[in-house]
Amino acid sequence: MTRSSHQLWRFHGGLKLESNKAISTQSPIVKARLPKRLVIPVQQHIGEAGALLVKKGDKVLKGQVITQSNEYVSAPVHASSSGTVIDIDEYPAPHPSGLNTLCVVIETDGEDKWVELQPTNYVKTKSPAELRQLIRKAGIVGLGGAAFPTAVKVNPGPQAHIETLIINGAECEPYISCDDMLMREYATELISGCGIIQYMVSATHCLIAVEDNKPEAVKAIQTVISEQALHTIEVVSIPTIYPTGGEKQLIKVLTQKEVPSDGFPSDIGLLVQNVGTAVAVHKAVVLGEPLISRIVTVTGEGVKQPQNMEVLIGTSMSELIEQSGGYHDDACKLIMGGPMMGFTLQTDHLPIIKGCNCLLVENKPEETPATMPCIRCGACASVCPAQLLPQQLFWMASSKNFEQVQDYHLFDCIECGCCAQVCPSQIPLVQYYRFAKTEIWSQERDRIKSDHARVRHDFKQARIELEKKERAEKLRKKKELLEKKKIAEAAAKNDTPETEVDPKKVAIEAAMKRVQDKKAAKQTNNTSSDE
Amino acid sequence: MSILIAIIVLATISVFFGLLLGYTSVKFHVEGDPVVDKIDALLPQTQCGQCTYPGCRPYAEAIAAGEANINQCPPGGETTMLALSELLGIEPVPLDDEHADAPEKTVVYIDEQTCIGCTLCIQACPVDAILGAAKQMHSIIESECTGCNLCIPPCPVDCIHIIPVKIEPETWRWSLPESTVTSPKA
Ligand code: SF4
Ligand code: SF4
Ligand code: SF4
Ligand code: SF4
């Protein structure tokens, strides 16, 4: 129960970074204004996009489901407010590619009218499977940034036994404070959500891990735990070291256990969920509300009034910036996510999606550091929290040695950016890893496609072969029939002159003749086919 | 005594299975050159014939027989050539400049207003990616099209057009940073 009782460990590498969180935690969470227009991307999660359930002109209510999929790894999307669907088309996605993605555009009617919700008063009257279904229907995805469908994650399979549920409130990346503010203001809901997930996976303990630079959050959670006299949920204050919020790093810190390279935490009896996700689970189960909003940190030196906002999914980023006092004159770069793992956006006319935790506006002019050759100093390897060899990965990735780079566990890289941060040669290392990863995925897709094409091609060849054979067979039959007819005719001709003879003799003669004819015919046939 | 029995039993079993294995490997020997299979597995299966062979497998056979060079497949580009060079343990052969980079992936679509339903394209398509019947309008199943463009020349009304494969955020790739630094020799 007491915080100090928990023993902690240290993960390999990592960095102490300046947190810069205080600039956005001065005021409570602000509710963003209801926008006139919501642009809701159909695909906001890892996995399959769902099929559309609405069409242009439809009236929708707040919380109404607008996509649905039968795929296991998927999450539906809901209308974030009531209004009319005015367009379904491609709009720019908040994605490093800047490409377009299919979106449902809703013109809000200002009433913000909910669909009928089905709250659950007594959670434990429902089975874990029923609760998973509620979570699936609510469209909940991991809100820490990965956006993996939660209903899938809380179902580690019948053979897995979850001992401990870890709730990730580390929020280790500089500037971001949405989880901090959420823990401060929604501690009761958070504890409720933790209890639900704990019940679902029958975990004996629940640890809520919070970095020690967020004492207010720890205090708020501790108060709720004490009030409710809970004995299986514990809040643990952990040292502030980036990236302690990484799933594997957090597990190491709390339990000393290492997740196997291509394994899952459930393999060692653990499940990790983000604090925001736990609150979303509470809302989905207890209140019956789908995931239609989230808390976003709008921060950075380039924005006038850094703050945390509760935002409807589909709200334009430009409106959030505007409601946060607008840009400073020297604002020069908009980043989605934090300074370490986020990516630059080309425009702010992009919708907020479920996985967007932070908008960071920088004001330092982008200095393109002169990249120097790698001097093999090894600094990168000493800070890599995944215990990789970043300089090797970099060489293999830059020489497109995609097989070897995987042998060096490229896919264990969490793209934390520690290596690039300390590299004295200013090599943009993470960019090389991202390049190699997407390249390998693309080759994998190509391979699947070409295997498929080979099968289709072989099938077509076989079909043509079969058709050829069938045609030949038909031709042969036709020929045979023709011959028979000929012989019959010939026989008929021969028969006519010899009348009034013993019919038996005639029959024998005819038969002999037929045999001769046949022989002759065969010969001619043979010679003709020899030609 | 029991040890002896165990040894005899085990020996008989192993002899039996040894014979069985030997027999099956002769009896059920699958025709097909494993080298050709391995080469074919690396080819893009576009089945376009640009390698001057009537498809990927014939090209694979020609490579295996030492009749063709490993740089003749434009859709595969440099990646395929390097993979082949690695597989066969032969020196990489440079591609013609125009083929050095794997070309942009394309598929075709049929302008359905113009199509007269002659079925010629169906016959040309190596992977049955075209749907249609005589005197009916035809259409391409985009997910099956390999972009070989073999259906284009037979079309009497020129209603088949090439379009690039659409890149979605999910299939988009990060590019290699421009400032590629040279690595010191290992
Ligand atoms: S930190 Fe940079 S210079 Fe040093 S070994 Fe790593 S990549 Fe090379
Ligand atoms: S970005 Fe990847 S390689 Fe670099 S330190 Fe982080 S985990 Fe290691
Ligand atoms: S050129 Fe075309 S047919 Fe030849 S191997 Fe390459 S993809 Fe296959
Ligand atoms: S060849 Fe051209 S006209 Fe004939 S069926 Fe195909 S698309 Fe239509």
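The values are calculated or read from the model by the stated rules, or taken from the named source; none is laboratory data. From a predicted model like this one, the values you see are computed outputs, not experimental measurements. All Cβ positions, even for glycine, are placed from backbone atoms using ideal geometry, and neighbour counts span all protein chains on display. The protein model used for the area step is the full one, side chains on, heavy atoms only, and it has no ligands, DNA or RNA in it. Shrake-Rupley method; radii C 1.70, N 1.55, O 1.52, S 1.80 Å.
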(request) Could you please let me know if A:Ala151 is in the same structural domain as A:Leu254 (by TED's automatic domain parsing), farther than 26 Å from A:Asp179 by Cβ and assigned to a helix (DSSP H, G or I)? (result) no
(message) Please go through the range A:93-127 and give me each residue that is assigned to a strand (DSSP E or B) and open to solvent by less than 50 Å² (accessible area, probe 1.4 Å), ordered by number.
(response) A:Thr101, A:Cys103, A:Val104, A:Val105, A:Ile106, A:Thr108
(request) Please enumerate the residues belonging to the range B:37-52 that are away from every other protein chain (no Cβ under 13 Å) and crowded, with 18+ Cβ neighbours inside 10 Å. (result) B:Cys51
(message) Suppose we filter the range B:96-109 for residues that are in a loop (DSSP other than H, G, I, E, B) and either at pLDDT below 80 or surrounded by fewer than 12 Cβ atoms within 10 Å (Cβ to Cβ) (or both); how many remain?
(response) 6
(request) Please work out if A:Asp87 is under 25 Å from A:Ile295 (Cα atoms), surrounded by fewer than 18 Cβ atoms within 10 Å (Cβ to Cβ) and out of contact with any Lys or Arg (no Cβ under 6 Å at 6 or more places or on another chain). (result) no
(request) Quick one: count up the residues across the range B:145-176 that are within 16 Å of B:Val108 (Cβ to Cβ), without any contact (Cβ under 8 Å) to a residue 40 or more places away in the chain, surrounded by 15 or more Cβ atoms within 10 Å (Cβ to Cβ) and under 23 Å from the mean Cα position of the chain (by Cα). (result) 1
(request) Check the range B:54-69 and report whether any residue there is within 13 Å of chain A (Cβ to nearest Cβ) and under 28 Å from B:Glu168 (Cβ atoms). (result) yes
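Okay, residues lined up against (1) more than 13 Å from every other protein chain (Cβ to nearest Cβ); (2) modelled with pLDDT under 90; (3) open to solvent by less than 80 Å² (accessible area, probe 1.4 Å); (4) outside any helix (DSSP H, G or I):
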site	(1), (2), (3), (4)
A:Leu388	yes, no, yes, yes
A:Ala397	no, no, yes, no
A:Ala420	no, no, yes, no
A:Arg434	no, no, yes, no
A:Lys437	no, no, yes, no
A:Arg445	no, no, no, no
A:Ile448	no, no, no, no
A:Gln461	no, yes, no, no
A:Lys477	yes, no, no, no
(request) From A:Asn363, A:Asn401, A:Asn357, grab the single residue that is over 28 Å from the mean Cα position of the chain (by Cα) and more than 13 Å from ligand 1 (Cβ to nearest atom). (result) A:Asn363
(message) Give all pairs with beta carbons closer than 7 Å in which a residue from the range B:108-121 that is closer than 16 Å to B:Cys145 by Cβ and of a type in the set (Asp, Glu) meets a residue that is open to solvent by less than 30 Å² (accessible area, probe 1.4 Å) and at pLDDT 90 or above; count only pairs at least 6 apart in sequence or on separate chains.
(response) B:Asp111/B:Cys159
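Quick check on B:Cys115: is it modelled with pLDDT of 90 or more, more than 16 Å from ligand 2 (Cβ to nearest atom) and away from every other protein chain (no Cβ under 14 Å)?
yes
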(request) Being in contact with a Pro (Cβ under 9 Å, 6 or more places away or on another chain) and not hydroxyl-bearing (Ser, Thr, Tyr) is the filter here, so list the residues in the range A:400-429 that pass it. (result) A:Cys413, A:Ile414, A:Cys416, A:Gly417, A:Cys418, A:Cys419, A:Ala420, A:Cys423, A:Gln426, A:Ile427, A:Pro428, A:Leu429
